[in-house]
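For reference, the structure discussed in these notes is given below.
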Amino acid sequence: MRTLLKWLLRLVVLVLVLGGAFFVHVWYFKPYSIDWFYGRVFAQFALKSPELLSSLRILPPWADFYSDKLDDASPRHEAAMARMIRDDLDLLHRYDRSALDPAGQLSYDVLEYFLAIQVEGDRFRGHDFPVNQMFGVQSSLPNFMAQTHQVANRHDADAYIARLDLFPQKFAQVIEGLNEREAKGVVPPKFTIDEVLAQMRGFIASQPEEHMLYTSFKEKLDKLPEDAIPAADRDALLARVATSIEHGVYPAYRSLIEHFAALQPKVTRNDGAWSLPDGDAYYAWCVRMHTTTDMTPEQVHALGLAEVARVTAEMDAILKAQGLADGPIGPRVQQLAHAADATYPNTPDGKQAMLARYQAILDEVNAGLGSAFHVRPELGVVVKPVPAFSEKTAPGAYYEPGSFDGTRPGAFYANMRDTTENPKWGMRTLAYHEGIPGHHFQISIAQELKGVPFFRRVLPFTAYAEGWALYAERLAWELGFEKDPLDDLGRLRDEMMRAVRLVVDSGIHYKHWTREQAIQYMMDNTGMAESSVTSEVERYFVDPGQALAYKAGMLKILELREHAKQALGAKFDLGEFHDQVLTHGSLPLALLQRVINDWITQKQAG
C-alpha cells in the first residue's frame with residue numbers, strides 16, 4: 001500500500017509539472033498549436049476585463065474570481081493592451097497560414113484583420129471621448145451594474161458592493177486619461193460637456209435609498225428565494241449598498257463633475273474629428289475600421305448622396321399615395337407622424353402598451369419566418385425600456401446580448417423618453433433591426449457556434465453586425481411582414497436615416513459641417529422627430545465612422561445575395577444563404593464575400 005501511495009504521489013507531481021510546463025509554453029512562448037494561440041489571445045483579453053467576463057458568463061460559478069472587480073481604465077492599461085495586440089499580431093504572423101485548411105485560414109484571416117486594424121489605429125490612441133452623452137463610463141458603468149451584474153447568492157451580493165466601492169478608483173483612472181487627452185488637444189464637443197454634466201448632476205441628486213443602483217440591487221434580492229439570503233442579511237446588504245453609494249459612488253461622480261465643470265468654459269465649439277490632432281488621417285482610419293472597406297471619406301459622402309436620392313424616390317411614391325405630394329420628404333413624413341392616432345400616449349400606460357407591442361411584433365416575426373432561416377438561436381429575446389437616467393441622451397434603441405450560460409436572454413432596449421418620437425408605423429422596422437431577425441439572430445447564433453475558435457463567437461465587426469441588422473429590416477418587408485404602406489414608409493424612413501448617416505457623418509468629420517447644418521439636413525430628409533435627430537447627430541460627433549457601417553454592410557449583403565441568385569439560379573436557397581452569412585461569426589466584408597463565393601462554388605459543383 002505504501003508503495004502504491006508513493007507512485008500515486010509521483011504521478012500527481014508529474015501531472016502538475018507537465019501541466020505547469022504546458023501553461024508556461026502556451027502563455028509565454030509561441031504555442032505549438034495555432035488553436036492554443038487563439039485560446040491564449042482570447043484568455044488574455046478576457047482576464048484583463050472582469051466586466052466582459054460578467055457579461056459573457058462563460059466560467060462556472062466556482063471559477064468566479066472577477067465579479068468583485070472592474071476594468072482598469074488607466075492610460076497605463078491602455079498602453080499595455082496596445083502592446084499586447086501588437087505582440088499578438090507579430091506572433092500570429094509566425095504561423096504558416098498556407099499549412100492551414102480553409103476553415104483554419106478563415107480564422108487566421110479574421111484575427112489578423114482585427115489585430116492589424118487596431119495596430120494601425122494605435123497612433124490615434126486617446127482620440128476618443130471616454131465620457132460622452134451616449135455611452136460614456138458615467139452611464140455605461142451604472143447600467144452594467146444594474147443590468148449585467150447578477151445577484152444569485154450572497155457571494156454575488158458582496159461582489160456587487162465591492163464593485164460599488166471601486167467607483168472612485170475607476171473614475172480617478174478615467175480622469176487621468178482625460179487629462180492626458182486634453183494635454184494633446186483632444187476635448188469633446190461643447191454640447192457633450194453640457195449634457196454629461198446635466199446627466200451626472202441628475203444621477204447624484206436622489207437619496208441613496210432611491211438611487212437606481214440601490215433599487216435595482218433590491219429588485220435582484222427580492223427575486224431570490226427566501227432561503228438564499230436570510231431577511232436580516234438582506235437588510236444589512238441594502239444598508240451597505242446605501243453607504244457605498246453615499247460615500248463611494250457619489251464622491252466619484254462629484255470628482256468627474258468637478259473636472260467637466262472646470263473644462264466647460266474653455267470649450268466653445270462643436271467640431272468634428274478634423275479638429276483633432278492629425279484629424280483627417282484619424283477619420284480616414286475610422287472609416288476603414290467601421291466599414292471594413294477601403295472607402296475614402298469622399299467616396300462615403302458620394303455614396304450617401306446617391307442612396308438618399310434613391311430612397312427619396314421610394315418614399316415620395318408612398319407619400320403621394322397618402323395625399324402628400326409637395327415639399328421635402330422630412331416635413332411630409334412628420335405630418336403623418338403627428339396624426340392623432342399615429343403614436344402611443346406619452347404616459348406610463350402608453351409606454352407599457354408600446355413595449356408590449358414591440359414584444360408582440362417580435363413574437364409574430366419569430367413564428368412566421370418559415371424557411372427563410374434554417375439555423376435559429378436557442379436563446380430568447382425580451383423587450384425592456386432604456387434606463388430612465390440615461391434615456392434623454394441614449395439612442396432610440398439598442399440590443400444587449402444574452403449570456404453564454406443562458407441565464408440572461410438577449411434584450412432589445414427601447415427608448416421611452418417620448419413615445420411620440422416613433423410612430424406606430426415605425427415600430428416594426430425597429431423591432432426587426434434590434435431583435436428578430438436582426439441583432440438577436442446574428443449575435444446569438446454566433447455565440448452558439450461550435451467547432452470554431454472562441455474568439456470567432458464574440459469578435460465584433462461593425463459593418464457586418466449593423467449591415468445585417470439593416471438588411472433584416474428589408475428582409476422582413478420582403479417576407480411580407482410590412483403589408484401596410486405606412487409600415488413600409490417606416491422601413492424606408494429608417495433606411496433613409498442610414499443613407500443620411502453617410503452624408504452627415506462624413507459631412508461633420510471630413511467636410512467641416514456644423515452641428516446645426518447636420519441636424520437640418522437630417523430633418524429635411526428623414527422625417528424623424530427633432531429630438532431624435534439631435535440625439536443622432538450628437539452621437540455621430542462622439543463616435544466618428546460608426547454610423548457608416550449600416551449602409552456599407554447592408555449593401556454588401558444585398559450585393560452578395562444577388563450574385564448568389566444569378567450564379568445559382570434554381571439552386572439558390574434563401575435559408576442556406578442566410579446560414580452562410582450567420583454561421584461563421586462576425587466577419588470583415590471582404591471575408592464575408594469569400595465565404596459566399598466558396599458556398600456558391602460548392603453548390604455549383606454539387
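Pairs spanning more than 20 Å between alpha-carbon atoms, out of 220/384; 170/392; 223/384; 220/392: 170/392; 220/392. Rounded to whole numbers, the Karplus 3J(HN,Hα) couplings from phi for segment 452-467 are 10, x, 4, 4, 5, 8, 10, 5, x, 10, 4, 5, 5, 5, 6, x Hz, using 6.51 cos²θ - 1.76 cosθ + 1.60 with θ = phi - 60°, and x at Gly and Pro. Rounded to the nearest 20, the size of the Cβ-charge dipole of segment 475-543 about its Cα centre is 240 debye, with Lys and Arg at +1 and Asp and Glu at -1. Computed about its Cα centre, the charge dipole of the chain is approximately 1300 debye, with only Lys, Arg, Asp and Glu carrying charge at their Cβ.
Considering helices alone, the calculated mean residue ellipticity of the chain at 222 nm is -20500 deg cm²/dmol, with DSSP H runs of length four and up weighted by -39500 (n - 2.57) and normalised per residue. What is segment 239-298 by shape, rounded, prolate or oblate, if you read a ≥ b ≥ c off the alpha carbon gyration tensor as root eigenvalues and call it rounded for a/c under 1.5, prolate for a/b larger than b/c, and oblate otherwise? Oblate is the answer for segment 239-298, as a/c is 1.5 or above yet b/c matches or exceeds a/b. Projecting the Cα atoms of 58, 131, 354 onto the charge dipole of the chain, computed from C-beta unit charges around the Cα centre, puts 58 farthest toward the positive end. Across the options 343, 148, 84, the greatest Cα extent toward the positive end of the charge dipole of the chain (unit charges at beta carbon of Lys, Arg, Asp, Glu) belongs to 84. Considering only DSSP beta bridges whose two residues both sit in the chain, what percent are antiparallel, to the nearest 5? Counting only bridges with both partners in the chain, antiparallel ones make up about 45 percent. Relative protection proxy for 235-242, 283-290, from highest mean packing down: 283-290, 235-242 (other beta-carbon atoms within 10 angstrom). Charge tally around residue 477: other residues with Cβ under 15 Å, Lys/Arg +1 each, Asp/Glu -1 each, net -3. Under 13 Å Cα-Cα from residue 556, which aspartates and glutamates qualify once same-chain neighbours fewer than 8 residues away are excluded? Answer for residue 556, where 13 Å is the Cα cut-off: 466, listed by chain and number.
Amide H contacts under 5 Å for residue 384: 412, 413, 414, restricted to partners 5 or more places along the chain or on a different chain, H placed in the peptide plane at 1.01 Å from N. The length gained on full extension between residue 388 and residue 562, counted as 0.36 nm times the residue separation minus their Cα-Cα distance, comes to 58.3 nm. With the highest mean first, a sort of the peptides 194-201, 158-165, 404-411, 428-435 on other beta-carbon atoms found within 10 angstrom per residue produces 428-435, 158-165, 194-201, 404-411.
Bear in mind these aren't lab numbers, they're just calculated from the coordinates by the rules spelled out. Computed from a prediction, not measured in an experiment: that's the story for all the values here. As a convention, Cβ positions derive from the backbone with ideal geometry for all residues, glycine included, and neighbour counts pool all protein chains shown.
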